[in-house]
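Structure first, then comments.
The values are calculated or read from the model by the stated rules, or taken from the named source; none is laboratory data. As the structure is a computational prediction, the values presented were derived from the model and not from experiment. Here the Cβ is made from the backbone with ideal geometry for all residues, glycine too, and neighbour counts use every protein chain on show. When the accessible area is computed, the model is the full protein with side chains, heavy atoms only, and any ligands, DNA or RNA have been set aside. Shrake-Rupley method; radii C 1.70, N 1.55, O 1.52, S 1.80 Å.
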Amino acid sequence: MLDENNKVNYSEDQNDIDIIALVQRLWSKKKFILIVTGCFMLLGTIVALMSPDMYTSSITFVPQTSKKNASGGISSLAAMAGVNLNDMSYSQTLSPSMYPQILDNFDFKKDLMYSRVKFEQWDEPITLIDYYSKYKKKSVVSIIKKYTIGLPKVIVKAIKKKKNSSSIAVETNNDNLIRSYSSQEYSCAGQLGQVVTMSLDEKRGYITITTNMEEPYASAQLCQLSFDLLCRYIIEFKIDKARTQKDFIESRYYEKKSEYEEKQQALATFQDANRILSSAKARTELERLSSEYNLSKSIYTEMATQLLKADIQVKEDTPVLTVVKPVVVPYKKSQPDRSMIFIVWTFIGFILACGCIVGVDFLKGRGINLPNKLEFLV
């Protein structure tokens, strides 16, 4: 309820707030509320007008997972070569729920930041790390946001940078064990984390990569580059074991092939030199060479079969990402919504002004003396 000075009285034993009295109190201070709200309206207008235009590109795809049994076509081809694919053990498919983790991988971001993108301002394509560290101009809105709302974060980063400077130097000495990145790469990775995002629809089974940039064509390029790089990483993760096994079998195959050809040549040379076997020693030598040749041929044939089997295994394990909605260069900006920015800032100003009045009345009701500069509120 209002006291004699048109202030809402907040006593300690009062649990309910008189809404009518609160409205009357705010109405009595409408001039202050209008001034604060007007200032925030002006600030919101400036922010809305100075916010850069952003263009959104996206690509939607469906991961095709391999099944345990080989497909009919490959099974038929393998059967003709004497390979039974039904006995082959297929590795588990990389879950699509892990794709966002790949996108958040720093190695992935590093490969992406050194990819070249064509911007309208420059004749030649430039790398993303050069764009974010050298060429991109920071907007006034981002600078204000960084040193107002984001000021605590800037201070924390500066403190952490001083503390971790020695550890980064130690990590650099162990290139084979621990990766180390420059401050520009860390900064660019943070930018890419905001620009490139991924969403997974588990019910429908499709995945969407979305990019936001200030130029429409650059946004489309970055979206396609992100998808291509993701495909490469998924394939490398998925077929690494099968490809390693294939490489091992292939090296053994060429060894056995060389041995087989040597045995074959040795047998042919002996037969040419001993067309008429007149001695038991010659017949024994022929039998020995024939046995070695037959054994080498059998091993070589088996290795050829294993190599074919390993090659089919790699092809079967290779995942396929089917694009259902390709990348298209956006023709309309997606951000910012300037009217919404204006409304939000106006609403913040109104709530802040009302909160100041209510807060001052609350403190006064508790008997707390306020500075003289706040007397205009009471």
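Only one of (1) surrounded by 13 or more Cβ atoms within 10 Å (Cβ to Cβ); (2) more than 16 Å from S298 (Cβ to Cβ) fails for Y260. Which number is that?
All conditions pass for Y260, except number (2).
Is there any pair linking a residue in the range 273-287 that is among the small types (G, A, S) to one that is at pLDDT below 80, with Cβ under 6 Å and at least six apart or on different chains, and which?
A282/N274
Would you call S58 assigned to a loop (DSSP other than H, G, I, E, B) and either at pLDDT 75 or above or surrounded by fewer than 15 Cβ atoms within 10 Å (Cβ to Cβ) (or both)? Reasoning before the result, please.
Numbers: assigned to a loop (DSSP other than H, G, I, E, B): no; either at pLDDT 75 or above or surrounded by fewer than 15 Cβ atoms within 10 Å (Cβ to Cβ) (or both): yes.
So S58 fails the test.
Which one is surrounded by the fewest Cβ atoms within 10 Å (Cβ to Cβ) among residues in the range 268-303 that are β-branched (V, I, T) and out of contact with any helix residue (DSSP H, G or I) (no Cβ under 7 Å at 6 or more places or on another chain)? Break it down into steps so the answer makes sense when it comes.
Step one: list which residues in the range 268-303 are β-branched (V, I, T), which gives 269, 276, 284, 299, 301.
Still in the running and out of contact with any helix residue (DSSP H, G or I) (no Cβ under 7 Å at 6 or more places or on another chain): 269, 276, 284, 301.
Numbers: T269: 11, I276: 6, T284: 11, T301: 13.
Selected residue: I276.
Residue-wise test of (1) over 12 Å from the mean Cα position of the chain (by Cα); (2) in a loop (DSSP other than H, G, I, E, B); (3) surrounded by 16 or more Cβ atoms within 10 Å (Cβ to Cβ).
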{"position": "I102", "(1), (2), (3)": "no, no, yes"}
{"position": "D107", "(1), (2), (3)": "no, no, no"}
{"position": "D111", "(1), (2), (3)": "no, no, no"}
{"position": "I129", "(1), (2), (3)": "yes, no, yes"}
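Report, ordered by the first and then the second residue, all pairs with beta carbons closer than 6 Å, sequence separation of six or more or different chains, a first member in the range 311-332 that is closer than 14 Å to I234 by Cα, and a second member that is open to solvent by less than 50 Å² (accessible area, probe 1.4 Å) and of a type in the set (K, R).
Listed by first residue and then by second, the contacts come to V314/K246; D317/K238; P319/K238.
When the range 330-345 is examined, which residues are found to be open to solvent by 50 Å² or more (accessible area, probe 1.4 Å) and not in a helix (DSSP H, G or I)?
Y331, K332, K333, S334, Q335, D337
If you check I348 against the conditions, is it open to solvent by 40 Å² or more (accessible area, probe 1.4 Å), modelled with pLDDT of 85 or more and not small (G, A, S)?
Yes: the conditions hold for I348.
What are the pairs, 6+ residues apart or on separate chains, where a residue within the range 357-371 that is on the phi < 0 side of the Ramachandran plot and surrounded by 15 or more Cβ atoms within 10 Å (Cβ to Cβ) has its Cβ under 7 Å from a residue that is part of a helix (DSSP H, G or I) and at pLDDT below 75?
What qualifies is I357/L377; V360/L374; V360/L377.
Scan the range 179-206 and report the pairs whose first residue is in contact (Cβ under 8 Å) with a residue 60 or more places away in the chain and farther than 19 Å from I126 by Cβ and whose second residue is part of a helix (DSSP H, G or I) and not aromatic (F, W, Y), with Cβ atoms within less than 6 Å and a gap of 6+ or a chain change.
The qualifying pairs are M198/P100; M198/L103.
Among the numbered conditions (1) touching a residue at least 24 places away in the same chain (Cβ under 8 Å); (2) open to solvent by 40 Å² or more (accessible area, probe 1.4 Å); (3) within 30 Å of L200 (Cβ to Cβ), tell me where T244 comes up short.
Unmet condition: (1).
From the list Y254, Y217, Y206, Y233, exactly one residue is among the aromatic types (F, W, Y), farther than 23 Å from D104 by Cβ and surrounded by 16 or more Cβ atoms within 10 Å (Cβ to Cβ). Which is it? First the steps, then the outcome.
On the way: Y254 fails: surrounded by 16 or more Cβ atoms within 10 Å (Cβ to Cβ); Y206 fails: farther than 23 Å from D104 by Cβ; Y233 fails: farther than 23 Å from D104 by Cβ.
Testing whether each residue is among the aromatic types (F, W, Y), farther than 23 Å from D104 by Cβ and surrounded by 16 or more Cβ atoms within 10 Å (Cβ to Cβ) leaves just Y217.
Could you identify the single residue in V327, V314, V320 that is open to solvent by less than 90 Å² (accessible area, probe 1.4 Å), over 30 Å from M213 (Cβ atoms) and under 41 Å from the mean Cα position of the chain (by Cα)?
Criteria check complete, one pass: V314.
For the range 192-206, give me the residue count where each residue is within 14 Å of C223 (Cβ to Cβ) and in contact with a strand residue (DSSP E or B) (Cβ under 6 Å, 6 or more places away or on another chain).
5
In this structure, does E287 turn out to be over 30 Å from V36 (Cα atoms), at pLDDT 80 or above and part of a helix (DSSP H, G or I)? Spell out the reasoning first.
Working: over 30 Å from V36 (Cα atoms): yes; at pLDDT 80 or above: yes; part of a helix (DSSP H, G or I): yes.
Yes.
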